[in-house]
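Trainee: First the structure, then my questions, so here it is.
The values are calculated or read from the model by the stated rules, or taken from the named source; none is laboratory data. All values reported here derive from a predicted model rather than from experimental measurement. Neighbour counts run over all protein chains shown; Cβ positions are idealised from the backbone, glycine included. Only protein heavy atoms, including side chains, enter the accessible area calculation; ligands, DNA and RNA are left aside. Shrake-Rupley method; radii C 1.70, N 1.55, O 1.52, S 1.80 Å.
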Amino acid sequence: GILDKYGKAGVAALEAATPVDTGETAQSWKYRVERGHGSVSLAFYNTNVNKGIPIVILLQYGHATSNGGYVEGVDFINPALKPIFDKIADEAWKEVVKV
């Protein structure tokens, strides 16, 4: 329920924030809700992989180029997800303090 709502919102935020060349990485965001004993988590992941390397990691943290150069990373994941995590925390807190 609620984590699916925020999972979809997070995927939309990540897709909008992902630097675009072909658009494949932006369109490759997914989420999953993982349930364990007494816990639940919301995980985001990206399925665009080239030669075993997740492209989103190269965009986020930077990478060397074949001609000896370097492309600096751009922190787009954390700013995109912060509002989503803030909303989850606010909604969870409201549930905790309900009378």
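Trainee: Enter the accessible area per residue of the chain (Å², integer; probe 1.4 Å; all protein chains in place).
Mentor: Result: 70 Å² per residue.
Trainee: Just tell me which aspartates and glutamates come within less than 13 Å, Cα to Cα, of Lys82; anything on the same chain fewer than 8 places away is out.
Mentor: Leaving aside aspartates and glutamates fewer than 8 places away in the same chain, those within reach of Lys82 are Asp90.
Trainee: Round to the nearest 10 and give me the degree value, 0 to 90, for the angle of helix 77-96's Cα axis relative to the longest principal axis of the chain.
Mentor: 10
Trainee: So what is the calculated 222 nm ellipticity per residue for the chain, using -39500 (n - 2.57) for each DSSP H run with n of 4 or more, over all residues, to the nearest 500 deg cm²/dmol?
Mentor: That calculation yields -14000 deg cm²/dmol at 222 nm.
Trainee: Rounded to two decimal places and with Rh computed the Kirkwood way over Cα pairs, what is Rg over Rh for the chain?
Mentor: Radius of gyration over Kirkwood radius for the chain works out to 1.08.
Trainee: Report, in whole Å, the centroid distance computed from the Cα atoms of the range 67-99 and the range 1-57.
Mentor: Cα centroid of the range 67-99 versus Cα centroid of the range 1-57: 12 Å apart.
Trainee: Once the other residues with Cβ under 13 Å from the Cβ of Val11 are scored (Lys, Arg +1; Asp, Glu -1), what is the net sum?
Mentor: Around Val11, the charge tally is +2.
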